[in-house]
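Just below is one structure, and these are the notes that go with it.
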Ligand SMILES: Nc1ncnc2c1ncn2[C@@H]1O[C@H](COP(=O)(O)OP(=O)(O)OP(=O)(O)O)[C@@H](O)[C@H]1O
Ligand SMILES: [Mg+2]
């Protein structure tokens, strides 16, 4: 039977029960709308939370750790190779966390095409002097431009100017929490004690707020040069090399490679932040579950309507069969009806879902913790629309499957006799 | 010798509910091309049951049915539907039109299903049939806007759309008044004479039967006269 005939018969049957059809389609529309809205919002939220951490985290971090020597003197004796060694006489050397060969590593990384950018860093423990008490904290010495390019640092600088950090010597950008505790304003000079006990005065040129309170309460930033002075070390002293890759998924493999080549510790982002992926996964799972549950409910609606329609159209089905339409033809007609409901309902669902997302996207969302966010986050991932569309068709197909089969099995003789 | 278009061979039919009864018993007869036959018999003797078997809608029987030289035994549902579509026109007592479609579309549907002609040609043919039955002016009305007699004529037009081998009717005039019955009979007669159309019509109307070429009389599931 030709498709156009199937469609034309399906359309006529649909029109004959227009109101019920509408109700069924609205059910699908509603569930797809919610599906898209929910997923876009949840996923936007995911991106936001991930971004909070992941955007600020290098894909690979190279650093040195204070580690005991792996090979103890006794290991060098073959006689004891099968014995348990509890003589660990060689202790870690003094806390030298510097990356040796920084210059060479930097040049090698620059040449690596998989690397998007490099930002060196010095981690430095300090005490902020507030009146009589000292607050422990740390200062990160950064290359202002590289840090800004890789981690959008300026977005988190809520007051003052980032570039002053580079241009003013002995300057500092204080964490918002630190600044509040110190009652420091921009332009003030604060005093910190380095781990070696020296007192250093630094000029406050800005505040930054990452959104993570624990971080903002201890962290501050200074330029690399300032930090090196603070520590009293040479110009080549660097403790961390932060690397962003073109393809984040390669991080574990490349980290392993660097570990071997450069003989440093290399931490990839996947290992460092595995718990965030779990969180994202759970949120996504919830959204899909809710969306699909809604769709299944809508599917039952369609199932009901089709069953009713078939009960209603028994005579018509019998006549179609008596005049030469096969069970398969009848089946196709009803599947077409179901799919049209799914298609039309799903289409409007996608449109409304998009509208709903766009509306949520306009709702103001201001929070202390997230200085860069002004409205509720939405992710307009086209995949959601594709999945929503496909699911609306699949659900309606299954909702139509049994009623259609029932229709195709109707025995015209019984119906015609029954009159 | 005339061309046999339909042959029933030892057809036996049982109903099992509420208990097993033999409704048709060794039905054996054949129909030649162009014959106008009526089936008569008391109520409950199995006329409708036989007609449903002959029209391939009922497949639960013993014996053999041969249509146009081909045995219907063991054919699949889809193939039987094809046979019905192509070779058999059916007219019921209660006209049975599809209320969702207008008269024209009702007549066209089996033709569209057959797919031998384009939609345009099928429409043209449908108009021809409607004109022949004098109802071309009703073509765009819905079935429920027609009188009983008109509806039955639409049903006849529909049965004719694919130029079937045979038209079967189960009391097609049973629901009509005398005048309309006569009109329908005249149409059948005209089809038989002018177009050499074969017809097999179940009727309670002895007057109607008397005017046909051949009468098959049934009693208790058996043919007693033919
Ligand atoms: N589905 C069924 N189950 C059981 N018995 C049936 C069924 N359908 C029909 N019968 C019986 O089969 C017999 C023949 O029925 P059928 O409808 O063929 O009679 P008929 O000759 O067409 O009668 P009428 O002239 O009243 O239409 C009847 O006795 C009827 O009760
Ligand atoms: Mg009967």
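The calculated FRET efficiency for the pair residue B:144 and residue B:73, based on their C-beta separation and a Förster distance of 41 Å, comes to about 0.55. What's the Kirkwood radius of the stretch A:219-348 in Å, using all Cα pairs? For the stretch A:219-348, inverting the mean 1/r across all distinct Cα pairs yields 21.9 Å.
The mean number of Cβ atoms from other chains found within 10 Å of a Cβ in peptide B:26-33 is 0, as a whole number. Inter-chain Cβ neighbour count for B:54-65, averaged per residue, equals 2 (cutoff 10 Å, partner chain atoms only).
Look at A:71, A:317, A:32 and count the other Cβ atoms within 10 Å of each Cβ; fewest to most, that gives A:71, A:317, A:32.
For the stretch B:22-63, the equivalent ellipsoid built from the Cα gyration tensor has semi-axes of 18, 14, 10 Å, listed from largest to smallest.
Residue order for A:66, A:97, fewest other beta carbons within 10 angstrom first, comes to A:66, A:97. Over the protein assembly as shown, DSSP H runs of length four or greater, each weighted -39,500 (n - 2.57), average out per residue to a 222 nm ellipticity of -15000 deg cm²/dmol. In terms of other Cβ atoms within 10 Å, A:59, B:204, B:16 run from fewest to most in the order B:16, B:204, A:59. Separation of the stretch A:76-154 and the stretch B:71-131, taken as the distance between their Cα centroids, equals 85 angstrom.
The value given for the stretch A:77-197 is a Kirkwood hydrodynamic radius of 18.2 Å, derived from the mean inverse Cα-Cα separation.
Report the paramagnetic label zone for residue B:9: residues of the stretch B:73-100 whose backbone N is under 16 Å from a point 7 Å from Cα along the Cα-to-Cβ axis. B:73-75, by backbone N distance to the label point. Across the stretch A:225-383, the relative contact order, built from alpha-carbon pairs under 8 Å that are at least six residues apart, equals 9 percent. Within 10 Å of each Cβ of A:313-323, how many other protein chain Cβ atoms are there on average? Mean inter-chain Cβ contacts per residue within 10 Å come to 6.
Averaging sequence separations of C-alpha pairs under 8 Å and six or more residues apart, then dividing by the length of chain B, give the relative contact order as a whole percent. Here the relative contact order equals 30 percent.
Each value in this text was obtained by applying a stated rule to the coordinates, not by laboratory testing. Nothing here was measured: the structure is a model prediction, and the numbers come from that model. All Cβ positions, even for glycine, are placed from backbone atoms using ideal geometry, and neighbour counts span all protein chains on display.
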